[in-house]
Every structure is written in C-alpha cells, then in structure tokens.
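Chemist: Just passing along the structure, written as structure tokens.
The values are calculated or read from the model by the stated rules, or taken from the named source; none is laboratory data. This structure is a prediction, so every number in the text was calculated from the model and none was measured. Cβ coordinates were reconstructed from backbone atoms using ideal geometry, including for glycine residues, and neighbour counts include every protein chain displayed.
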Amino acid sequence: MAAYIPDEKITAIKNASDIVDIISEIVSLRRAGRNFLGLCPFHAEKTPSFTVSPDKQIFYCFGCGAGGNVFSFLMKHGGLSFPEAARALAGRYGIDLPTRNLSPHEKKKLTERETILTLNGEAMSFYHKCLLSEERGKQAMGYLLKRGMTRKTIDEFKLGFAPDGWDHLLRYFRSRRKPVEMVLQAGLIVSRKKGEGHYDRFRNRIIFPIVNGQNQPVGFGGRVMDDALPKYLNSPETPVYNKSRSLYGLNRARQKCRETQTVYVVEGYFDMLSMHQFGIENTVATLGTSLTADHVQILKGFVGEGGKAVLVYDSDQAGIKAAQRSVAVFQKGLLEARILVLPKGHDPDSFLMDHGPDDFLKAAEQSMGMISFMVESAVEKHGLSIDGKVRIVNDLKPAILAIGDPVARSLQIKYLAERIGVDETVILQKVRRTANPPAKTAWLSGRQDLNTAPKPAPVRGETYRLERQVVAMMLQFPEMITDIERRRLMNHFTDPLLTEIGRGIIDHFTRAGSDIAGLVSRWEDPEKKAVVTRLSLTDERWARSGCMNLINQFEASIRRRDKALLKRIEAAEKSGDEILLAALLREKQHQARKIKEKQSGANH
Ligand SMILES: [Zn+2]
C-alpha cells in the first residue's frame, strides 16, 4: 500500500512526526510513567485506557483493542487512506511528496480535496476583501460593528461579505481561470434550475468561514443582515466538509478547553464570537444541526477526563428541546453535559454585552445536569398534582431510557422519585413497561465503531499465554531474538496469528532494528496491528535472566505437551483402543510434519 509514496519518504515522515503531538490535538493526554493516557477516541469510556507510547511511537487502547502507529491513528480517526494520512503528515512537517506515483483514482480524490480547500481559501479571502472594501462592504461592516464585533475578531475569524448579485464570486473565479466544475463541487456556486450556467450560493450575506482542526476553511455560513429568509445558509456537504463532525470555532477552542476542562456549546455564530471576544474562548457553535455522536467524541477529546460540556440556550423551550434531542448522545458518549438557560430575553451575545463575562461564568456554575434540568422543567410545566406527576414521569421516560449505564439510570430514577414524591418502584415499573429494545437509530449515525463493546477475549490455555509472552519479549527486549532463532522457538508456536507476527518481528528487526512503529506498518490487518501494539506495552520489566527463564518455561511446556501425547498413546495401546490410537498417532505425525514445514519455511 505504500507503493504510491517512495519508501524513503515514508521513513522521513515517520521520523519527523511525533505521535504524542498528533494525537494530543484530538485527545487530551496526561503523562503516566513512560506513556501518555487519555480517553479513547474510538470507544466511549469514562476512565482512560487509551495509551500512547512516545518511545515506541505507537498507541493502544486497553478498552477496545485499537492500536497502531501514527499513520494508523490518522487513518482510523480521520477515515483517511494510507496515502492521505502520509500526505497530511508530510504537509505538516514540510516534507515534499511527488504526486506522479499516485494511482489515477488516488490522484483524482486527492486533487479534488486539495482543489476544494484551495478554492475555499480563495473564496474566504475574496469575501473578507469585499467586507473591508470601502464601498462594497460598507453596510456589512457597519452591521458587524453595530453587533459589537471588534476589528480584531473580524480579522481573526476572517469574517466576510458576499456582495448582492448573482455572480460576483463566479466571475472572480472565472477571471482566475478556475474550473467551474470544481467551484460547484466546493458548494460555492449552484447550478441554475432552468437552462445552463451557475450562480453564487451566498448573496448579500455576512460570511463566516468554517475551519477544520488544521485551520483550513472547509465550508461557510452566511447570515442575512435583515429579515430575509433563510436567516442562515450553510455550505452543503462536500468531500472536505462533513456537518456531523464540524463545529464553528473548534480550532480556536482547544487550548482553553484543555485548561478549563469545560466547553461551552452555543447555537449561533455571533454567540460564539461574543464568547470569544469576552475571553471565554472554550466555546464552539453548532451549525444549525443537533449534536452528533462524533461531535461528542471530538469535544470529549478537548475537555478530557472528568471534563464537561455546558450547552447554553436562550430559553427554557430551546433548552428542553435540545436536552431531549441530545441526552442520549451524551449518555452514550459518556460525557457529562449541563444545561445553562440564560435569563429571559437574552442570548449569550446580548447577555455578555449587558452583564459581562464574570456574570456569565457565575451563571454557568449554576447550570444543571440534563436530567435534573428536564425534571425541573417538567415540574414547572405540569405542577405536582397527581395528574401532573403522571405527566412528569411520562415526559421523563424517554430520557431515562436513554441512559445506558444501569447505575446512573437507577440513580436518576431515585432522584426523580424523591423530587416528585412518588415511589421509586412505581417509576421503575412505568419505565420498564415501555422499555422497547433501544433502537439503534439516528444519533448513532456516522462512525459506527464508537459504541461497539470491546470483544471478550476467548479463553485460551497455557500454550497461548506463553506464546504471547514470548512475542512480547521479542518486541520489548529484542536482544533475545538471536536466542529465540537459535533455539527455533517459532517452530513450536501453535497460534497462527502469533506465529506470523513472531516471524514478522524477526524479519523486520534483523533488517531494520527494533523499530516497532515501522513493524506496525507491515500489516494492513487491524487485528495484527492491535496485537503488536498491545504486546509492546505490557508492564513487564525485562532482563536477560528473566527472558532465559521464559524461554526455558516455553521449551518445558513443549516437552510436557509432547510427553502428554506419548502417555495418551501408551494408554491407548494398553487398552487396545485401536481407533483412539490411530487418531493420536495421526496427531503426533501431524505435529512432526508441522514442525518440519515450519523449519523449511523458516530456512528458505
Ligand atoms: Zn478504545
């Protein structure tokens, strides 16, 4: 698979990149001994089992078994192909890559993405210039300043203005000889419904560039300055813009999210910009969509272990709706979420302008957990009459059912029971009676592997355990590899996967030295990557004497295995059980043949 990019370039990229650097942009990592620990981005967990080794340049999750090197991480997390991952790293570390070795399909896909990003970049500058231009942008600039945006914010977030008219941007791209087809693909223009030709998607609107984690403009939001409809217009999904993974302000929020272990989620562009302007930089805005499982995982990576998200709403109704929509997503994602409803008549923008950031942070401290918030809202709505209580329980049922963790669920039931003075068992019955099997529905769309439970390890015997230990030893104490080869231990391995990995280690290490991150690239199969990274990160302290012990133990177990077989053969002979005897002899023959095959296989 590395055929598209020359090997020496791959090596250069691997040597230049630091896995801790790359992963910590996505996962909040803390040091734990020689390694780093964080919450796994590939499955939902509350206590970190995601391990990154700076020495070995690999990662492994002890929860779900995902593992690999820096390339595998980018591929799995970003859904990239190997060449795309390599290119992303090369770009970051300033390593030039030739494009001529790409397959036509790879080339097309890559240039498509790159072209769209370039076009977006040019459109961003175009809109920004229009805003700054004396005549064209006068009204728009006036509008932004009136809304309290500072010049600094306008420049930092590259706010822009799409002039009124059908083809300003289109003509701009034409004059620069850009392919119209690609401008269309970038979502910047729209095909005419009747006849041929295109027109600008954004017209007479304030433009908010939507930027990804690498600071590249992936899409745009456009807002009108009067009462025209739609109030907001966004770029469509494109090869570079995925709505369920994008949030406005994400690239600017990371640092402060880490420091405070909190992220504020607001609804509007101006809310986000105001929060930022008032120094509450740990804020992102949803782009007119509900939060997805992917969003929750991304935010969790920002706030880390024990962190929380505070959803900020301008009214009870909006808050209740949002809580109902996203309670399951947060529950499943194991991220604590709180709801902050601002005083009547305020959105975050106006609240900050009137009261300042200190009052906002004070109010945020009073924010409620999602379920408590829903309970209080229901109590307020229905009252505590008998009838009201029935309605409250009915209202809360879906939210309680959405709680995956049984302990958390029973605590919430208890809380509800106490709050409204109803017996816990009654609520429990009511919730159970409607407990349809939890549907695997909308909120789990997008990446599916987030919630798959870790595979239970199959029960295996002593032989398997010893074989794993020998492989772990080879990975962590490669000095022993010559002994292992000399004593032909690999010939006696029974597990096919471990045998292949063991032989791979010997081959790779004798040629390239003990380079585990490189070894991981040898296999495309994620299971092999996982086994290698897992066994590279065991807690053993290896020393030569201990290693010799293990080798002796392994050989003893082979002898025991052979001896046991001989004993059974003897017993079968004595008892005259011809059929059993024949079977056992066949097994013995089979073993001998296997060892012979392995020897000749190893010696070729
Ligand atoms: Zn995991």
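Chemist: Which one is surrounded by the fewest Cβ atoms within 10 Å (Cβ to Cβ), of the residues in segment 525-582 that are of a type in the set (Val, Ile, Thr) and in a helix (DSSP H, G or I)? Show your work before the answer.
Modeler: Of segment 525-582, the ones of a type in the set (Val, Ile, Thr) are 531-533, 538, 551, 558, 569, 579.
Checking the rest, the ones that are also in a helix (DSSP H, G or I) come to 531-533, 551, 558, 569, 579.
Details: Val531: 23, Val532: 26, Thr533: 27, Ile551: 18, Ile558: 19, Ile569: 17, Ile579: 8.
This residue is Ile579.
Chemist: Could you list, in sequence order, all residues of segment 49-64 that are surrounded by fewer than 20 Cβ atoms within 10 Å (Cβ to Cβ) and near the ligand (Cβ under 9 Å from one of its atoms)?
Modeler: Ser49, Phe62, Gly63
Chemist: Every residue in segment 282-303 that is surrounded by fewer than 23 Cβ atoms within 10 Å (Cβ to Cβ) and touching a His at 6+ places or on another chain (Cβ under 8 Å), please.
Modeler: Correct list: Thr286 only.
Chemist: So for segment 312-323 (the condition being closer than 22 Å to Arg254 by Cα, crowded, with 22+ Cβ neighbours inside 10 Å and in contact with a Pro (Cβ under 6 Å, 6 or more places away or on another chain)), does at least one residue qualify?
Modeler: yes
Chemist: Separate question: So is Pro98 farther than 23 Å from Gly213 by Cα and more than 16 Å from the ligand (Cβ to nearest atom) or not?
Modeler: Values: farther than 23 Å from Gly213 by Cα: yes; more than 16 Å from the ligand (Cβ to nearest atom): yes.
Yes: the conditions hold for Pro98.
Chemist: Conditions: (1) assigned to a helix (DSSP H, G or I); (2) among the β-branched types (Val, Ile, Thr); (3) modelled with pLDDT under 90. Ile403 meets all but one. Number of the miss?
Modeler: (1)
Chemist: On to the next question. Pairs under 6 Å by beta carbon, first residue under 12 Å from Gly304 (Cβ atoms) and touching a residue at least 40 places away in the same chain (Cβ under 8 Å) in segment 27-50, partner part of a strand (DSSP E or B) and within 9 Å of the ligand (Cβ to nearest atom), six or more apart or different chains?
Modeler: Gly38/Phe50
Chemist: Only residues that are touching a His at 6+ places or on another chain (Cβ under 6 Å) and farther than 26 Å from Lys308 by Cα: list them for segment 51-70, please. Can you show your working first?
Modeler: So the first thing to find is which residues in segment 51-70 are touching a His at 6+ places or on another chain (Cβ under 6 Å), and the list is 63-64.
The answer is none; no residue qualifies.
Chemist: Residues that are at pLDDT below 90 and farther than 21 Å from Leu475 by Cα: find the helices (runs of 4 or more DSSP H) completely inside segment 14-95 holding 1 or more of those.
Modeler: 70-78, 82-92
Chemist: Also: For segment 257-296, give me each residue that is over 23 Å from Gly148 (Cα atoms) and polar (S, T, N, Q).
Modeler: Within segment 257-296, Thr260, Gln261, Thr262, Thr289, Ser290, Thr292 meet the criteria.
To keep it simple, each residue is scored yes or no on (1) surrounded by fewer than 17 Cβ atoms within 10 Å (Cβ to Cβ); (2) touching a residue at least 12 places away in the same chain (Cβ under 8 Å); (3) among the aliphatic types (A, V, I, L, M); (4) in a helix (DSSP H, G or I).
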site: Pro98; (1), (2), (3), (4): yes, yes, no, no
site: Gly121; (1), (2), (3), (4): yes, yes, no, yes
site: Tyr127; (1), (2), (3), (4): no, yes, no, yes
site: Glu135; (1), (2), (3), (4): yes, no, no, no
site: Gly148; (1), (2), (3), (4): yes, yes, no, no
site: Trp166; (1), (2), (3), (4): yes, yes, no, no
site: Met182; (1), (2), (3), (4): yes, yes, yes, yes
site: Lys193; (1), (2), (3), (4): yes, no, no, no
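Residues checked against (1) farther than 21 Å from Gln297 by Cβ; (2) away from the ligand (no atom under 16 Å from the Cβ); (3) among the hydroxyl-bearing types (Ser, Thr, Tyr):
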{"site": "Arg30", "(1), (2), (3)": "no, yes, no"}
{"site": "Asn35", "(1), (2), (3)": "yes, no, no"}
{"site": "Gly38", "(1), (2), (3)": "no, no, no"}
{"site": "Thr47", "(1), (2), (3)": "no, no, yes"}
{"site": "Gly68", "(1), (2), (3)": "no, no, no"}
{"site": "Ala85", "(1), (2), (3)": "no, yes, no"}
{"site": "His105", "(1), (2), (3)": "yes, yes, no"}
{"site": "Lys109", "(1), (2), (3)": "yes, yes, no"}
{"site": "Arg113", "(1), (2), (3)": "yes, yes, no"}
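Chemist: Now for a separate question. State yes or no: is Thr11 within 12 Å of the ligand (Cβ to nearest atom) and of a type outside the set (D, E, K, R)?
Modeler: Working: within 12 Å of the ligand (Cβ to nearest atom): no; of a type outside the set (D, E, K, R): yes.
When the stated conditions are applied, Thr11 does not pass them.
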